[in-house]
Amino acid sequence: MAARIVVDYSRRNFDGGFVKGCWGTVTDQNDETYFDERSDAEDDLEKGRIKFPQNKLYGREHELGLLRDLYDDIIQEPRSKNSSSSSSKASRIVFVGGYSGVGKSAVVADLVRQLKEDYNHGGKVVVCAWGKYSKLQSAAAPFSAISDALEQLVVVLTKDEYIDILKNLRKKLCDDDVRMAMTGTFPSVAPLFGPAESDPATKIATSMSQIREAFKEFMCCVCTCLQLPLIWSLDDLQWSDEASLELLKDVLSNKEPNNMLFIGAYRSNEVNENHSFHQLMNEVEKVRGKDAARDNMPVSRMDLFGLCLDDIGEFLSDTLGKDSPSEVATLTEVIFKKTLGNIFFVKQALEELVRKNAVFYDTIMFSWEYNVSTVQLDNYISDDVIDVIKSKITGLPTEVRMLVVIMSFIPNNANMSLMKTLLEGEGVRTTKVEKLISVAINNGIILHLSEVDRYAFAHDKIREASYDIIPKGKQRDELLVRISNVLIDLANADKANTEWAL
């Protein structure tokens, strides 16, 4: 039986703003709820979603201060030496250790944000070249993080507002041997070189020694052309390949390049004294420490630990929109006990409590609340963060879940075109991919790296959990074969395409 709604305009009776009808009376609502800004209808869809504070770092003031001091030391150094040339500025090296999820990358990101706010004016620019190694990628793609960092460098230096820096750099990068070694190993840097003076086909880098010398010369030229020190940051160095370590050892042990702050982050619990990266740190310290007169602090080491209870309380209070950490004291104690102050684990634990409705958004009070006991809260939070993330991913729509799983099998950073091609092979319409990626971003699964217009996992633990969504066996093997065929076809169609590595 079909139902119909019929409006009989002849029966409508307007009287003093009231509309009378058989189902009730509708009138203007003038009470305070109607005007409460917290009930803005345009934002209703976002009310029940946890939003973590942006541009605020918790409990890392001391570490940020140390990094700021090192950067400022490089800027101030020429004045003490009566020189205005950036080439006279020394470099600083910092190795940052800490467990996964403790916030190493966040400290570097906040440092760069602060420096840009303070120094990006008057034609000056703070340049950060950042790259990240992947456990699944390093063996198949040497120099992966260094390549990512150089790609970011190119994006910045080829902007119209920095054309003078680019012209100056091209004048310095005039050696064809350097050009051939660099563009042959790192194709993305080609725009930083001027026109070739000889036929490119006549020369090619054939040895690691050529690559080392060319890279060192390239970095020296870049740092010399910048008015402010270059921030060169590499993350997850515990997974760096041998070729990268050899290149880094040669560059960091040398007196040049100058005018640079190098920040190398690694998981301290995965690097013992026999680890190749641990040996690199010792060798760099030994070589640079010989000339103390040139640099009072040639190499620094910094260890990050979990945040304290008060810092976690402040973070949860801000996230849940409370006036004081005391309002979330019980929640803070439970989450701190489970996570030991690891900020990534704290975020995952809070999201898990929301998924299980232990923490919920009260649509009457327009605020986040919880009304369960300490014991119940503790039972709601899993002990294994990977299980927590798997639960989160499993709850995503099927096609979003497929997107995340596919991303876990390819290089850490992927562009939109690649994702459309891969998902099309799984039966997903290309017109839907942007929306799927947006859902994954809103759920904190992936990030958009705007400077290079690529997408990456928000954390390695998320990648690890995504990788395990499909267990080992026939289904995973068949998916890998399909992905491999797509990547091989892309590589054959474009020889400069490096997205082939699983």
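Just so you know, all these numbers are worked out from the coordinates, no wet-lab data involved. Values in this document were obtained by computation on a predicted structure and should not be read as measured data. Quick reminder, even Gly has a Cβ in these numbers, built from the backbone with ideal geometry, and neighbours come from all protein chains shown.
Can you work out the Karplus-derived ³J(HN,Hα) for every residue in region 216-224? Use 6.51 cos²θ - 1.76 cosθ + 1.60 with θ = phi - 60°, whole Hz, and x for glycine or proline.
5, 5, 4, 5, 4, 5, 4, 5, 5
For a distance above 21 Å, tell me the whole-number percent of Cα pairs in region 172-289 that qualify.
Above the 21 Å cut-off, region 172-289 has 44 percent of its Cα pairs.
Work out Dmax and Rg for region 336-410 from the C-alpha atoms and quote the Rg first, both in angstrom.
Just the Cα atoms of region 336-410 yield Rg and Dmax of 14.4, 45 Å.
Would you please give the residues with an amide H less than 5 Å from that of R301, counting only those at least 5 places away or on a separate chain, with H modeled from the backbone geometry?
Residues meeting the criterion, in which the H sits 1.01 Å from N, are F95.
Student exercise: in region 381-480, how many lysine pairs 8 or more apart or on different chains have Cα atoms under 23 Å apart?
11
Could you tally the net charge around K56, taking each other residue with its Cβ under 10 Å from the Cβ of K56, Lys/Arg +1 and Asp/Glu -1?
With Lys, Arg at +1 and Asp, Glu at -1, the net is -3.
L447's amide H: which non-local residues (gap 5+, or another chain) put their own amide H closer than 5 Å, with H modeled 1.01 Å from N in plane and none for Pro or chain starts?
Close amide H contacts, sequence-distant or interchain: A456, F457, A458.
Using per-residue counts of other Cβ atoms within 10 Å, averaged over each peptide, order 298-304, 147-153, 456-462 from highest down.
For the peptides 298-304, 147-153, 456-462, the packing ranking is 147-153, 456-462, 298-304.
Kindly provide the chymotrypsin sites (Phe, Trp or Tyr not before Pro) of region 260-339 that DSSP labels as loop, not H, G, I, E or B, and whose Cβ sees at most 15 other Cβ atoms within 10 Å.
Answer by residue number: F305.
Specify which residue in the list G473, A456, S484 is farthest towards the positive end of the charge dipole of region 453-494, using unit charges on the beta carbon of Lys, Arg (+1) and Asp, Glu (-1), about the Cα centre.
With unit charges placed on the Cβ atoms, the residue in question is G473.
Lysine pairs in region 248-384 8 or more apart or on different chains: how many have alpha carbons under 20 angstrom apart?
Step by step, the pairs that qualify in region 248-384 add up to 10.
Taking H placed 1.01 Å from N in the peptide plane, check which residues at least 5 places from F186 or on another chain put their amide H under 5 Å from its amide H.
Those qualifying (amide H under 5 Å, at least 5 residues apart or on another chain) number zero.
Mind listing the phi-derived Karplus ³J(HN,Hα) values for region 50-60, rounded to whole Hz, using 6.51, -1.76 and 1.60 with θ = phi - 60°, and x for any glycine or proline?
Going residue by residue, I get 5, 10, 7, x, 9, 6, 9, 9, 9, x, 10 Hz, with x marking Gly and Pro.
Just the Cα atoms of region 208-362: what Rg and Dmax do they give in Å?
Just the Cα atoms of region 208-362 yield Rg and Dmax of 21.7, 64 Å.
Of the listed peptides 246-254, 316-324, 419-427, 362-370, what is their order by residue-averaged count of other C-beta atoms within 10 Å, with the highest listed first?
Sorting 246-254, 316-324, 419-427, 362-370 by mean packing, highest first, produces 246-254, 419-427, 316-324, 362-370.
I want to check the label-to-label distance for I469 and I386. Put each point 7 Å from Cα in the C-beta direction and report it in nm to one decimal.
Placing both labels 7 Å beyond Cα along the Cβ direction yields 1.6 nm.
What shape does region 290-447 have by the C-alpha gyration tensor, where a ≥ b ≥ c are the square roots of the eigenvalues, rounded means a/c under 1.5, and otherwise prolate means a/b greater than b/c and oblate the rest?
Because a/c hits 1.5 or more and a/b fails to exceed b/c, region 290-447 counts as oblate.
If we count every other residue with Cβ under 10 angstrom of G131's Cβ, Lys/Arg +1 and Asp/Glu -1, where does the sum land?
So the surrounding residues net to -3.
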